[in-house]
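Visitor: What follows is a structure written as structure tokens; I'll ask about it next.
The values are calculated or read from the model by the stated rules, or taken from the named source; none is laboratory data. Note that the structure is predicted; figures quoted are calculated from it, not measured. Cβ placement follows ideal geometry from the backbone for every residue including glycine, while neighbour counts extend to all protein chains displayed. SASA here: full protein model, heavy atoms, side chains in, ligands and nucleic acids out. Shrake-Rupley method; radii C 1.70, N 1.55, O 1.52, S 1.80 Å.
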Amino acid sequence: MPRPVTMFTGQWQDLSFDQVAEKMSGLGYDGLELACGGDHFDVKAALEQDDYCEKKHAALDKYGLKCWSLSNHCVGQCVLDLIDFRHQSIVPAYVWGDGDPAGVAQRAAEEMKNTARAAKKFGVDIVNGFTGSSIWQWFYSFPPVPQSKIDDGYKLLAERWNPILDVFGECGIKFALEVHPTEIAFDLYSAEAALKALDYRPEFGFNFDPSHLLWQGVDPVEFIRAFPDRIYHVHMKDAITTLNGRSGILASHLNFGDRRRGWDFRSLGRGSVNFEEIIRELNKIDYQGPLSVEWEDSGMDRDHGAEESLDFVRSMDFAPSNVAFDAAFDKDAKA
């Protein structure tokens, strides 16, 4: 049976839940990966209102949609980050509070615990998100950064995230970190370091997103091979490098969509990600969860992108063979 195809609602938060649900249902999506923000999914309301989750499921049913996971990227970002003015716009006012960095980090940690509790109440077992990073600003080591400072960053991951993951464990929920620049794990080796820092606890795994690996020069398929038992959720997202002798891979402080950038996101099938090899590897590890479209392409109308992305994923997803193609020639087996 083909894997369900969902749409991540994070890039559609200017629309109401009903508008997004109606749109994606009309296109033929199987479900939504609900972002915790606006009225798409309200963590606080889910815990405080007895009928919130029931009403949300009824609304999904109305549009013939399901939900397999929640996502709370922006709040998770604030758990480890060095908090500054940028974070105020990405978290609820009650998490931001007075903006004191220590308070924001503490409230973000509590909100992530509550996200696990809300997920349990809602009936899903995966929460996708970010961790933030206290050491990302040192990704280029000049002035030189002592290894001890990098080690301290992973120690802080354990210090702040283990109590959160304890609640995830109590609730039977897995946290799937989207490996991504600005996170404590942004490529294959930093992902290994994050797992080690958390003592390989089962509550912590990855939301596999090939786009962020591709432009860094990491083969997304190798990431799946490295962590076959930690791929808890999959984002379908494409990207392309556009290096032309003038552009750089660090993107020159240019915004997405600027033709001078050295890389950018693209609608599915219009970038450089080899999705066929990804599907083959997901088949090998027996990943049966949703393939969730995270659509970002500054050069394309998003309604057009949502429609063609669904068609692309459906055409690309195939079941593994249950028989060797040359089995017909094995006369001994036939006898």
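Visitor: Among the residues of the stretch 262-296, what is the count of those that are of a type outside the set (Phe, Trp, Tyr), open to solvent by 10 Å² or more (accessible area, probe 1.4 Å) and either without any contact (Cβ under 8 Å) to a residue 40 or more places away in the chain or outside any loop (DSSP other than H, G, I, E, B) (or both)?
Guide: 10
Visitor: Could you please find all residues in the stretch 181-204 being of a type in the set (Asp, Glu) and on the phi > 0 side of the Ramachandran plot? Talk me through it step by step, then tell me what you get.
Guide: Keep residues of the stretch 181-204 that are of a type in the set (Asp, Glu), which gives 183, 187, 192, 199, 203.
If the condition is that a residue be of a type in the set (Asp, Glu) and on the phi > 0 side of the Ramachandran plot, then ASP199 is the only one that fits.
Visitor: Looking only at residues that are without any contact (Cβ under 8 Å) to a residue 60 or more places away in the chain and of a type in the set (Ser, Thr, Tyr) in the stretch 34-69, which one is farthest from VAL5 (Cα to Cα)?
Guide: Taking the candidates together, the pick is TYR52.
Visitor: Would you check which residues across the stretch 11-20 are more than 19 Å from HIS304 (Cβ to Cβ) and crowded, with 18+ Cβ neighbours inside 10 Å and list them?
Guide: The answer is PHE17, and nothing else.
Visitor: If you take the residues in the stretch 1-52 that are over 18 Å from the mean Cα position of the chain (by Cα) and among the basic types (Lys, Arg), which one is farthest from LEU65 (Cα to Cα)?
Guide: The selected residue is LYS44.
Visitor: Can VAL234 be described as of a type outside the set (Asp, Glu) and either farther than 20 Å from GLN11 by Cα or open to solvent by 20 Å² or more (accessible area, probe 1.4 Å) (or both)?
Guide: Against the criterion (of a type outside the set (Asp, Glu) and either farther than 20 Å from GLN11 by Cα or open to solvent by 20 Å² or more (accessible area, probe 1.4 Å) (or both)), VAL234 does not qualify.
Visitor: Quick check on the stretch 241-249. Is at least one of its residues in contact (Cβ under 8 Å) with a residue 24 or more places away in the chain and buried (at least 17 other Cβ atoms within 10 Å of the Cβ)?
Guide: yes
Every residue, every condition in (1) touching a residue at least 60 places away in the same chain (Cβ under 8 Å); (2) touching a helix residue (DSSP H, G or I) at 6+ places or on another chain (Cβ under 7 Å); (3) over 17 Å from GLU183 (Cβ atoms), yes or no:
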{"residue": "LEU80", "(1), (2), (3)": "yes, yes, no"}
{"residue": "PHE85", "(1), (2), (3)": "no, no, yes"}
{"residue": "ILE90", "(1), (2), (3)": "no, yes, no"}
{"residue": "ALA93", "(1), (2), (3)": "no, no, yes"}
{"residue": "TRP96", "(1), (2), (3)": "no, yes, yes"}
{"residue": "GLY99", "(1), (2), (3)": "no, yes, yes"}
{"residue": "GLY103", "(1), (2), (3)": "no, no, yes"}
{"residue": "GLN106", "(1), (2), (3)": "no, no, yes"}
{"residue": "LYS113", "(1), (2), (3)": "no, yes, yes"}
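Visitor: In this structure, is ILE184 out of contact with any Asp or Glu (no Cβ under 6 Å at 6 or more places or on another chain), closer than 30 Å to ILE240 by Cα and of a type outside the set (Gly, Ala, Ser)?
Guide: Yes; evaluated as a whole, the condition is true for this residue.
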